[in-house]
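The values are calculated or read from the model by the stated rules, or taken from the named source; none is laboratory data. Predicted model, so just to flag it, every value in this text is computed and none were measured. Cβ: placed from backbone, ideal geometry, glycine included. Neighbour counts: every protein chain shown.
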2 protein chains.
Amino acid sequence: MRALFATPFLALLAFPSLADPLPSWNAGDSKVAIISFVEAVTDPASEDFVPVHDRIAVFDNDGNLWAEQPAYFQLLYAIDVLKQKAADDPSILGSDVLKAAAEGDMEGMMAGGVEGLVEVINVSHGGITPEDFKASAYDWLTTTPHPTTGMVFSDMTYQPMVELLRYLRDEDFTTYIVSGGGIDFIRAISEEAYGIPPWQVVGTEGNTSYSADSGTPTVMKDGGVSFVDDKEGKPVGIMRHIGQRPIFASGNSDGDFAMLEWTTAGDGPRFGLIVHHTDGEREFAYDREGHIGVLNRGLDEAGERGWTLVDMAQDWSRIWMGNQ
Amino acid sequence: MRALFATPFLALLAFPSLADPLPSWNAGDSKVAIISFVEAVTDPASEDFVPVHDRIAVFDNDGNLWAEQPAYFQLLYAIDVLKQKAADDPSILGSDVLKAAAEGDMEGMMAGGVEGLVEVINVSHGGITPEDFKASAYDWLTTTPHPTTGMVFSDMTYQPMVELLRYLRDEDFTTYIVSGGGIDFIRAISEEAYGIPPWQVVGTEGNTSYSADSGTPTVMKDGGVSFVDDKEGKPVGIMRHIGQRPIFASGNSDGDFAMLEWTTAGDGPRFGLIVHHTDGEREFAYDREGHIGVLNRGLDEAGERGWTLVDMAQDWSRIWMGNQ
């Protein structure tokens, strides 16, 4: 009997170390740093051991889990919804900003600043239940082709990051999205795209109200913005939703700096990760300049702060979840 | 060999139905209704089966999971903190409301209305990190005797409700607190008292900010109130934190009406539970009148809406978690 069981038993023991948890990550410093950290915090014999309860990892979304060029996907969605609504009722385009948005004139739309964007959001994201909004966003994300790659937007998540999320969860981390994007927009796809349920999404929030006056108890998205989950807002959003400091944070722009700074300033083992967009051929190359995903401070200080700077061109053997 | 294994195997099979999941609930309609619901939604062969993902249960806290008389525990804590701060620095008592509060003069404090309460909250709950605040609240809750029962406050959770929370979790529900009380105050004790981690607490929120200017990256409670998780705010808070409608809701006052109404209006099997404070001997008897936990509409409409009205005196064989 011993001979019969010996082989599978040994194979079972050896299996975890044989399987590569991050197959789309090339061998190199980034991969070594991630795996060393995870092995240290999950090994009960390690002085860096962290109990399951405290294994909380937070991830920015735009430019970190999926692409954000030539503009945030949510903005492209808002413009498409606005166009569609204006086709039915042109009178909704009551300002220059809305007219510019409906014509896909990005510059004209951006000229309205934050107030202009809120106008666009109000008309495109307001007066709808979260359920209907999520159905609309899901439909758009899974059927609309991206303007330059031709892939549907939902295929433009990063395969290596999806592997990282799964690896962390396999090691009993809880993974959260903490995004400057709209919470309901991300929730529309987070479970399917990342395996992250709605209650583990933190994001920018709009005004919402409840009423049963119509006879059907309903929560409605009323437009406007009640909480901006960006920059210094990210640690605030984390404390509000999660209630404790994470031990692992990942982002790609200076909008994530406060989140990484606060996460890695805690006691015990900590991990900060920055995705650096270095791959102009397979993805988009950008950092210090532009209107989206600007990365200056993170690039300057990652080294001294001990954060891992991921070089997309070097570190990732594959970019997209979808097949191009 | 068969004989050797037959008995333990059968015992194992029979065990779940032998064990009473709600030992502090007397036999009766309430207990039958709860167990029938849970068995129906967890039986894959039942037409009422609900997948684990959607088994979300929400519980009010004050008067539903622990007592709320003669005043909300958080208010009694705020007064104690105020007294202590005023002993060190009497100049902080800059208004009649604050003076009344520091003297424990409830009526004088209430005369200031909501604005007065916010003043008390600002002075007692502001200018402190959430971590320090939680440590202070935890210390107070676990050492301060209640004015009439003499038990420490943290012993005044309801044993039958703690059993219900555990039963639901054993059946793969996720249990949330959804309270008009302060989110950080509840988080100070929720894990120890109810087995509910901080990220499953929804509550009223204060203004919070992040800064690294001091050299130590810090999230601070700044005082003020940014979101009131009561009445129509409860469905809003649930959508914000959880992102989907629960299938089970439990409360005790008309502040929970909207939450129960919205929860039970969804498709498929739903459960609404109201804890009715009928036990003046072991707990406190109150419903339609008073300044706390007023229950009118819930009492009038529970029957027609199919909600289970729990009679504390009749349905519960034991009230407190702590030993009196």
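How many residues are touching a Leu at 6+ places or on another chain (Cβ under 9 Å) and not in a helix (DSSP H, G or I) if we restrict to segment B:252-269?
Selection size over segment B:252-269: 2.
What pairs can you find where one residue is in segment A:302-324 and under 16 Å from A:Asp29 (Cβ atoms), the other is of a type in the set (Val, Ile, Thr) and not in a loop (DSSP other than H, G, I, E, B), and their Cβ atoms are less than 6 Å apart, with a gap of 6+ or different chains?
A:Ala302/A:Ile274; A:Trp307/A:Ile274; A:Leu309/A:Ile274; A:Val310/A:Val275; A:Asp311/A:Thr278; A:Met312/A:Thr278; A:Ala313/A:Thr278
Filter segment A:238-251 down to the residues that are in a strand (DSSP E or B) and of a type in the set (A, V, I, L, M, F, W, C), then identify the one that is nearest to the other protein chains (Cβ to nearest Cβ).
Top of the filtered list is A:Ala249.
Considering only residues that are more than 7 Å from chain B (Cβ to nearest Cβ) and either crowded, with 20+ Cβ neighbours inside 10 Å or hydroxyl-bearing (Ser, Thr, Tyr) (or both), which ones fall in segment A:196-210?
A:Ile196, A:Gln200, A:Val202, A:Gly203, A:Thr204, A:Gly206
Hey, could you check segment B:284-300 for residues that are in a helix (DSSP H, G or I) and in contact (Cβ under 8 Å) with a residue 12 or more places away in the chain and say which is nearest to the other protein chains (Cβ to nearest Cβ)?
Ranking the candidates gives B:Arg297 first.
If a residue must be within 23 Å of A:Ala27 (Cα to Cα) and surrounded by fewer than 20 Cβ atoms within 10 Å (Cβ to Cβ), how many such residues does segment A:280-301 contain?
5
Residue-by-condition table, conditions (1) among the charged types (D, E, K, R); (2) modelled with pLDDT of 95 or more; (3) in contact with a Ser or Thr (Cβ under 9 Å, 6 or more places away or on another chain):
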position	(1), (2), (3)
B:Arg288	yes, yes, no
B:Val294	no, yes, yes
B:Arg297	yes, yes, no
B:Asp300	yes, yes, no
B:Glu304	yes, yes, no
B:Trp307	no, yes, yes
B:Val310	no, yes, yes
B:Ile319	no, yes, yes
B:Gln324	no, no, yes
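Output the residues belonging to segment A:149-196 that are closer than 20 Å to A:Asn323 by Cβ and touching an Asp or Glu at 6+ places or on another chain (Cβ under 8 Å).
A:Ser154, A:Pro160
Residue-wise test of (1) within 13 Å of another protein chain (Cβ to nearest Cβ); (2) on the phi < 0 side of the Ramachandran plot; (3) of a type in the set (S, T, N, Q).
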residue: B:Leu141; (1), (2), (3): no, yes, no
residue: B:His146; (1), (2), (3): no, yes, no
residue: B:Val152; (1), (2), (3): no, yes, no
residue: B:Arg169; (1), (2), (3): no, yes, no
residue: B:Thr216; (1), (2), (3): yes, yes, yes
residue: B:Gly223; (1), (2), (3): no, no, no
residue: B:Ser226; (1), (2), (3): yes, yes, yes
residue: B:Asp230; (1), (2), (3): yes, yes, no
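Would you be able to say whether some residue in segment A:270-283 is touching a residue at least 12 places away in the same chain (Cβ under 8 Å), part of a strand (DSSP E or B) and closer than 30 Å to B:Thr264 by Cβ?
No, every residue in segment A:270-283 fails to be touching a residue at least 12 places away in the same chain (Cβ under 8 Å), part of a strand (DSSP E or B) and closer than 30 Å to B:Thr264 by Cβ.
Yes/no matrix, rows are residues, columns are (1) surrounded by fewer than 22 Cβ atoms within 10 Å (Cβ to Cβ); (2) touching a strand residue (DSSP E or B) at 6+ places or on another chain (Cβ under 9 Å):
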position	(1), (2)
B:Phe59	no, yes
B:Ala67	no, yes
B:Ala71	yes, no
B:Leu93	yes, no
B:Ala101	no, no
B:Glu115	yes, no
B:Pro130	no, yes
